[in-house]
1. Taking the stated definitions as given, is residue 65 in a helix (DSSP H, G or I) and within 23 Å of the chain's Cα centre (by Cα)?
2. Have a look at 243, 216, 249, 235 and point out the one that is more than 23 Å from residue 136 (Cα to Cα) and part of a helix (DSSP H, G or I).
3. From the residues in the range 219-232 that are surrounded by fewer than 21 Cβ atoms within 10 Å (Cβ to Cβ) and assigned to a loop (DSSP other than H, G, I, E, B), which one is modelled with the highest pLDDT?
4. How about the range 178-200: which of its residues are surrounded by 15 or more Cβ atoms within 10 Å (Cβ to Cβ) and over 28 Å from residue 262 (Cβ atoms)?
5. If you scan the range 236-248, which residues turn out to be under 18 Å from residue 79 (Cβ atoms) and under 13 Å from the mean Cα position of the chain (by Cα)?
6. Please enumerate the residues belonging to the range 106-127 that are surrounded by fewer than 16 Cβ atoms within 10 Å (Cβ to Cβ) and within 28 Å of residue 33 (Cα to Cα).
7. Within the range 5-15, can one find any residue that is modelled with pLDDT under 95, in a helix (DSSP H, G or I) and farther than 21 Å from residue 307 by Cβ?
8. So which residues in the range 170-184 are touching a residue at least 40 places away in the same chain (Cβ under 8 Å) and farther than 16 Å from residue 276 by Cβ?
């Protein structure tokens, strides 16, 4: 239920002024129109020969497939990194739109909290513009390169598994869907959990900031921003919006939450289960897409299709040998992806440090801390053998 007791007014507080400043500044620099125009203007043929991301941000960067790729194929891998990365962001932002609104429903019940709700309405509108631009580029690019979807997908609802390539199965997907439905119902009428949602949103956005700042720099440092490839412009516009969204998450999860009564045992339990769920989602790292914590075995079929496509033109034996080399052997790409995971783990600890209700194992990021290169390679060797067996079962 909504807990109105002992909630102070925000109307004249320093916190209220900080919320208003963040909201007004986001309104002033809102990139929605620029993103909508960029999505409409995108023509793959006009930027097919350009990199869209800075150095290091390629699909399967630093692995044998990248080492052996021609200049043209490296350009393709650079572009497909963009498609894969932002297809994952689409999934996250669809969920964000829904939970922004359920949280606003609970918080609007408090006098003086209108600014927060208006701020979340603006952010949801911006998320819709982000999604439209990402999908326009991804779908046109994959159609031009492959004639089919590889990382993109039809529009989906907020209760689907957020991670596109997750360590999951039908039962786990059903259980996750049930949890998301339940949290949406509870957080729409509970002010503490409405604020606590932004703890999880802040962690997920913090991970994005580590990579998206680098992606945005490709446009920022371009010799001619006017002539920069449109996907790089979209990366920059998105990063600018997300910087304010991260500020909002921090204000709500670190300061507004402090205006509410001390959480009950039930609220503390739900809040910590949410943080633990974030750890579970981010406990692995991907050698294929540095910065997105995918479960690479769930990515095998996509990589196999790419290697067998006309772009790489590998036969079955060549594709299997290449996947073995990329996923089960140490490489520069593997170490760089692991480093990104370590940086995220350390950043999450710092983000949670001020929050008294967080369990010690969440505060220490105990699940993510267990991740290792050795564990990754062991998982890939077992999973790749099963994948190859599944190919034989279907006649490859």
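1. Here the answer is no, as residue 65 does not meet what is asked.
2. Only one candidate qualifies: 249.
3. Looking at residues that are surrounded by fewer than 21 Cβ atoms within 10 Å (Cβ to Cβ) and assigned to a loop (DSSP other than H, G, I, E, B), I get 228.
4. Of everything in the range 178-200, nothing turns out to be surrounded by 15 or more Cβ atoms within 10 Å (Cβ to Cβ) and over 28 Å from residue 262 (Cβ atoms).
5. Once the filter is applied, which keeps residues that are under 18 Å from residue 79 (Cβ atoms) and under 13 Å from the mean Cα position of the chain (by Cα), the range 236-248 yields only 238.
6. 114, 121, 125
7. There is at least one residue in the range 5-15 that is modelled with pLDDT under 95, in a helix (DSSP H, G or I) and farther than 21 Å from residue 307 by Cβ.
8. The answer is 184, and nothing else.
The values are calculated or read from the model by the stated rules, or taken from the named source; none is laboratory data. From a predicted model like this one, the values you see are computed outputs, not experimental measurements. With ideal geometry, Cβ positions are generated from the backbone for all residues, glycine too; neighbour counts draw on all protein chains shown.
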